[in-house]
Every structure is written in C-alpha cells, then in structure tokens.
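The structure appears right after this line, and notes come after that.
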Amino acid sequence: MTYFELTKEVSFRALRIPPQPIETKGITPVPLSGCRFKLRVTLRGQMDPVSGLVFDRDRLERILRLSVVEPLDGSLLNECFPNPTTEGLAHSIFLRLQPLFPERMLTRVSIHESDLCFAQFPV
C-alpha cells in the first residue's frame, strides 16, 4: 500500500501570558505576549482512486477553521488551555483535532510562534 502525507497550514493571532520562572513568580509583572501563530496539521492516508485525494481539502479547511482558528483567533490562550506554551499548544490542539479525523489519520501538529521557534506533537 502506498501512503501519502498531506499538510495544511492555517494561522491565527492570540495573546498569552508567558510562563514565569519560579524564582521571579510574584516579583515581576507578567507581560502579555501577542503572536501570530502558524499551525500545520499533517494527515497520513492512502489516496482515494476516484478523487485522487488523501482527504477532502474543503473539509480539512472547515475542520481547522471551526475547531482552531475561530475559537482561538483574538483569544487569551491562558483562558483556553492549561499550558499555553508552544509545546502545550501543539499537544492540546492535537488532542482537540484527533477525534475529528479517521483513526490514525492525524499524524502531526506543528505550532510555529515564529520562523525560528516551533513545537511538534507527536514526534
């Protein structure tokens, strides 16, 4: 069997209060941090012989828009997730999306806070 990977990228803007090192908790003010996040979602599957697709692009776009972009765009991530670090977001978004795809199709979520810093789950 031949498998393909399909990756879709979307973006959203959000705020978060970054975690503080334990030695500075309660001593220094906590600044809000705004970011334009890029989310890359990778699916793995076989190509449908009729459509030539691994997964319908419009359906994928709709899932990401309704499950991630619309709820998170403009939000304070600390109110949406227990751990809004880049690593925590990758894990939480993977768990949010996993039940929306056929079993084992969602293989990876990458969240990019900049061109130089991103986290992937799972690895």
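The values are calculated or read from the model by the stated rules, or taken from the named source; none is laboratory data. Keep in mind the model is a prediction, meaning the values are calculated, not measured. Please note: Cβ atoms are built from the backbone with ideal geometry, for glycine as well, and neighbour counts cover all protein chains shown.
Laid out as a table, the results:
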item	result
Residues satisfying the stated conditions in the stretch 55-88, i.e. of a type in the set (A, V, I, L, M, F, W, C) and more than 17 Å from Arg40 (Cβ to Cβ)	Leu66, Leu76, Leu77, Cys80, Phe81
Extreme residue, nearest to Leu43 (Cα to Cα), among residues of the stretch 95-114 that are charged (D, E, K, R) and loosely packed, with under 14 Cβ neighbours inside 10 Å	Arg104
Selection within the stretch 89-113 - without any contact (Cβ under 8 Å) to a residue 40 or more places away in the chain and within 24 Å of Glu79 (Cβ to Cβ)	Ala90, His91, Ser92, Phe94, Leu95, Arg96, Gln98, Pro99, Leu100
Residues satisfying the stated conditions in the stretch 65-79, i.e. out of contact with any Lys or Arg (no Cβ under 8 Å at 6 or more places or on another chain) and either in contact (Cβ under 8 Å) with a residue 12 or more places away in the chain or buried (at least 19 other Cβ atoms within 10 Å of the Cβ) (or both)	Arg65, Val69, Leu72, Ser75
From the options Gln98, Gln120, residue that is under 15 Å from the mean Cα position of the chain (by Cα) and not in a helix (DSSP H, G or I)	Gln120
Flag for Arg62 being in a helix (DSSP H, G or I), at pLDDT 95 or above, over 20 Å from Ala119 (Cβ atoms) and of a type in the set (D, E, K, R)	yes
Which listed residue, of Arg44, Arg16, Arg57, is charged (D, E, K, R) and modelled with pLDDT under 95	Arg16
Filter result for the condition that a residue is under 16 Å from Phe12 (Cβ atoms) and modelled with pLDDT under 95, over Ser114, Ser110, Ser75	Ser114
